[in-house]
Amino acid sequence: MHLPKQLSLRFADALKNLTDDVTYASMIRSTNDPKFGDYQANCAMPLSKQLGGKKPRELAAEIVEQLKVDEFCDPPEIAGPGFINLRLKNAFLLDQLRAMLVDDRCLVSKVESPRRIIVDFSSPNVAKPMHVGHIRSTVIGDSLARTLRFLGHEVITDNHLGDWGTQFGIIIYGYKHFGDPEQVAKDPVPELAKLYRLVNQLIEYRKAKRSTETLAENIAVAEVELSACQQESESISDPKEGKKAKKRLASAQSKLKSAESQLQGANKKIAAVESDSDLFAKAEAHVNVDEAVLQETVKLHQGDVENLRLWEEFLPHCKNEINRVYDALSIEFDHTLGESFYHSMLAGVVENLEKRGLARDSEGAVCVFLDGFDAPMIVQKKDGAYLYATTDLATLSYRLEQFHPDEIVYVVDTRQSEHFEKLFALAKNIGMEDVKLVHVNFGTVLGEDGRPMKTRSGTLIGLEGLLADAVDRARQVVCNPDRIMKIDPPMDAAEQSEVAEVVGLGAIKYADLSHHRTSDYRFSLDKMVSLDGNTSAYIQYSFARTQGILRKAGWSEQSVTSIDPSICEFTHPAERALALLLLRMEEALATVHQDYAPNALVDYLYETAKAYAVFNDNCHVLKAESEEIATLRLALVTLCGRVLRLGLDLLGIRVIARM
RNA sequence: GCGCCCAUAGCUCAGCUGGAUAGAGCAACGGACUUCUAAUCCGUAGGUCGUAGGUUCGAAUCCUACUGGGCGUGCCA
């Protein structure tokens, strides 16, 4: 049941003598103050302007005259400049609750025309240590896939694993030069991670060494520029010119600052290596490490026997590593077709582009130049290696052939926006027009200091450790003796562990999903597991309370199937407020789909849980004024539990019966 | 240089295709537990929605300029 949609159909009828434009009929939204009813129609004001002459309030009166909503609403009221306020009839709300009790979809209807949608998400680079930044794509993508599927679409999930890139060149190089085969065989995952970090550090060191001279020059240039700007701004008397000079001065200052911090960063990397004699010796012995790593990668791609063997040996271990994280997060994929899967198709992609005259040689690389973009899309490097653009093109055509999707959703970091703009533009150029391609971008995870957490720099908290931390924190709260003694029958250790896990993992997912996907957000473990405020624990706790009441009342969820027929009114505003929210699940899910934004569902669940808390405080079930009223309240409790569980499930978050 | 994104309460963030008095949470202060689980609820306080213009009945939302920050910008992904 999507109430605004139902109402807008009625408005479309009422407006048909005034306009053909259906957008007016759809201008219905929920009110932000109950005194204006439940929903408001805002069409009268813009329409009066469109039609000219007629006053908005008069037009509103005319619309109301034509409007037939009496089975849903009390008589509409006109307010303010021309708002039409709609208040749902209590009898209607109660009918809907009764219908909802015998509907396992919480009255959320399936879409009329299901689409086949591929959701491409998570896609980590295996062999690189995973950190908190990787969790966004995974959690957002999983939630979108679940939601779209529930809405009735045919969803195919695919984890486009980075299993064929430079990181394997790094590991192979590390293994060949620094690896201890016995150690690696015994304890592959941490050993390989160690090798990755070591070689990466050597590469960074080389880069830093090479860059210091240029960086120093940059600083010198910036200093000269700055002093010139200073002199200039002092000598100018004209206020307008002075302002401009001031601006130039500020710009020069920030340029200098940025150059200095770059040099500082480089020096830090250098010092880290040179202060460690063993590391320094390695760095000296591997002066060409970056070039050599690329060579290893090229050899792998060209089918070098040794490198291919190592890749085959290492890959399963790398997959195990990330699969442990997926297991912990209860995330599954229909397909895991990594980059390596497409390797044999890449040459064909480039050939095809060349044949069509879309790609051509430029500075030794094969490039596609697209209208509206300065930089080309490089599909083959001058050393012959392919790039992610090539793989993405191969992946796209494979998916079209294999799955015939109506839509492909890429849940990928917003920093890759330009790449996807190019990819989508090129797809259009080569005739892939029938499929809707969507880049569901998301913002950066920031550290506590507000700086972006970058993949390649600094020490990062491992993802697995982070999940364990969250569960531990949750356990401390769950096992708080003061609380746990109140629970009857007592929780045994196994149940406590279960609760800790569900709450801890839920906290991490919820924290991510509660922010709008496009905004950067500040990652704070303390906050998300604090279990105060807008957190998963609050929703999970609300759910547990619904189950507690059912238990106490001696009812199972399935056995609550009706509200006493004599009930035709609410007995408390909190009952009505909760009932209305329970009927708005579909609205929330529609927004999730429309904007590919799970935070709309989070907001809805939080609102609903808050309404439930108020209801809980004011409306006693077991001590209700009459048995009939008890049936209404029991129904609300049951339905609220179902809505919260369903909503959390669509976020990929589990619930427990008590906590 | 060019392109994209962001700027909302002390802090972290919402704010739906423009709608009525801009909302939560945290932190602060004051209340409510012989409880269907107080991991809760009620109340108080906190804002020139970065600045300046524009569009109109009406702007946090759309347009322009500016300020400040982030990201990207030919051979990583």
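As a summary of the residue check, A:GLU433 satisfies the conditions (1) in a loop (DSSP other than H, G, I, E, B); (2) of a type outside the set (A, V, I, L, M); (3) within 12 Å of RNA strand B (Cβ to nearest atom) except for the one numbered (3).
For region A:407-425, the count of residues that are over 30 Å from A:ARG146 (Cβ atoms) and small (Gly, Ala, Ser) is nonzero.
Might you let me know whether region A:606-628 holds any residue that is of a type in the set (A, V, I, L, M), in contact (Cβ under 8 Å) with a residue 12 or more places away in the chain, crowded, with 22+ Cβ neighbours inside 10 Å and more than 13 Å from RNA strand B (Cβ to nearest atom)? Checked region A:606-628: no residue is of a type in the set (A, V, I, L, M), in contact (Cβ under 8 Å) with a residue 12 or more places away in the chain, crowded, with 22+ Cβ neighbours inside 10 Å and more than 13 Å from RNA strand B (Cβ to nearest atom). Checking each residue in region A:149-166 for being within 16 Å of RNA strand B (Cβ to nearest atom) and not in a loop (DSSP other than H, G, I, E, B) picks out A:ASP158, A:GLY162, A:THR166. For region A:171-229, filtering for residues that are of a type in the set (Gly, Ala, Ser), surrounded by 13 or more Cβ atoms within 10 Å (Cβ to Cβ) and within 30 Å of A:ARG309 (Cα to Cα) leaves 3. For region A:361-377, a residue qualifies if it is without any contact (Cβ under 8 Å) to a residue 40 or more places away in the chain, surrounded by 13 or more Cβ atoms within 10 Å (Cβ to Cβ) and more than 6 Å from RNA strand B (Cβ to nearest atom), and the qualifying residues are A:VAL366, A:PHE369.
Filter region A:378-404 for residues that are within 27 Å of the chain's Cα centre (by Cα) and within 12 Å of RNA strand B (Cβ to nearest atom) and give the result. Reasoning before the result, please.
Filtering region A:378-404 for residues within 27 Å of the chain's Cα centre (by Cα) gives A:387-400, A:402-404.
Of everything in region A:378-404, those that are within 27 Å of the chain's Cα centre (by Cα) and within 12 Å of RNA strand B (Cβ to nearest atom) turn out to be A:LEU387, A:TYR388, A:ALA389, A:THR390, A:THR391, A:ASP392, A:THR395.
Within region A:416-429, is there a residue that is at pLDDT 90 or above, more than 7 Å from RNA strand B (Cβ to nearest atom), assigned by TED's automatic domain parsing to the domain that holds A:HIS153 and hydroxyl-bearing (Ser, Thr, Tyr)? No; the residues of region A:416-429 include none that is at pLDDT 90 or above, more than 7 Å from RNA strand B (Cβ to nearest atom), assigned by TED's automatic domain parsing to the domain that holds A:HIS153 and hydroxyl-bearing (Ser, Thr, Tyr).
A quick yes/no check of all residues on (1) surrounded by fewer than 16 Cβ atoms within 10 Å (Cβ to Cβ); (2) under 23 Å from A:LEU94 (Cα atoms):
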{"residue": "A:LEU15", "(1), (2)": "no, no"}
{"residue": "A:ASP21", "(1), (2)": "yes, no"}
{"residue": "A:ILE28", "(1), (2)": "no, yes"}
{"residue": "A:ASP33", "(1), (2)": "yes, yes"}
{"residue": "A:ALA44", "(1), (2)": "no, no"}
{"residue": "A:SER48", "(1), (2)": "no, no"}
{"residue": "A:LEU51", "(1), (2)": "yes, no"}
{"residue": "A:ALA60", "(1), (2)": "no, no"}
{"residue": "A:LYS68", "(1), (2)": "yes, yes"}
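Answer yes if at least one residue in region A:61-72 is more than 22 Å from A:ARG584 (Cα to Cα) and among the polar types (S, T, N, Q), and no otherwise. Yes; the residues of region A:61-72 include at least one that is more than 22 Å from A:ARG584 (Cα to Cα) and among the polar types (S, T, N, Q). Of the residues making up region A:1-42, not one is within 11 Å of RNA strand B (Cβ to nearest atom), at pLDDT below 90, of a type in the set (Val, Ile, Thr) and not in a helix (DSSP H, G or I).
Looking only at region A:304-316, filter to residues that are in a helix (DSSP H, G or I) and farther than 14 Å from A:TYR175 by Cα; which one of those is nearest to the chain's Cα centre (by Cα)? So the residue we want is A:PRO316.
So in region A:477-503, with the set limited to residues that are of a type in the set (Asp, Glu) and over 19 Å from A:LYS552 (Cα atoms), which one is farthest from RNA strand B (Cβ to nearest atom)? Give the steps one after another, and end with the answer.
Applying the first criterion (of a type in the set (Asp, Glu)) to region A:477-503 yields A:482, A:488, A:492, A:495, A:498, A:501.
From what is left, the residues that are over 19 Å from A:LYS552 (Cα atoms) are A:482, A:492, A:495, A:498, A:501.
Working: A:ASP482: 8, A:ASP492: 15, A:GLU495: 11, A:GLU498: 11, A:GLU501: 12 Å.
Taking the candidates together, the pick is A:ASP492.
It is to be established whether one or more residues within region A:49-67 are under 30 Å from A:THR571 (Cα atoms) and basic (Lys, Arg).
Of all residues in region A:49-67, those under 30 Å from A:THR571 (Cα atoms) come to A:64, A:67.
Right, trim to basic (Lys, Arg) and you get none.
Within region A:49-67, not a single residue is under 30 Å from A:THR571 (Cα atoms) and basic (Lys, Arg).
Only one of the listed residues (A:LEU94, A:LEU88, A:LEU47, A:LEU101) is away from RNA strand B (no atom under 13 Å from the Cβ) and either polar (S, T, N, Q) or touching a Ser or Thr at 6+ places or on another chain (Cβ under 8 Å) (or both). That residue is A:LEU101.
One residue stands out among those in region A:513-524 that are buried (at least 20 other Cβ atoms within 10 Å of the Cβ) and farther than 12 Å from A:THR444 by Cβ: the one that is farthest from RNA strand B (Cβ to nearest atom), which is A:LEU513.
The single condition among (1) away from RNA strand B (no atom under 16 Å from the Cβ); (2) assigned by TED's automatic domain parsing to the domain that holds A:PHE420; (3) not acidic (Asp, Glu) that A:ASN320 does not satisfy is (2). Taking the stated definitions as given, is A:VAL602 near RNA strand B (Cβ under 7 Å from one of its atoms) and crowded, with 20+ Cβ neighbours inside 10 Å? Spelling it out, it is not the case that A:VAL602 is near RNA strand B (Cβ under 7 Å from one of its atoms) and crowded, with 20+ Cβ neighbours inside 10 Å. Would you call A:ALA60 more than 9 Å from RNA strand B (Cβ to nearest atom) and not aromatic (Phe, Trp, Tyr)? Answer is yes for this residue.
The values are calculated or read from the model by the stated rules, or taken from the named source; none is laboratory data. Everything numeric in this text was worked out from a predicted model, so none of it was measured. All Cβ positions, even for glycine, are placed from backbone atoms using ideal geometry, and neighbour counts span all protein chains on display.
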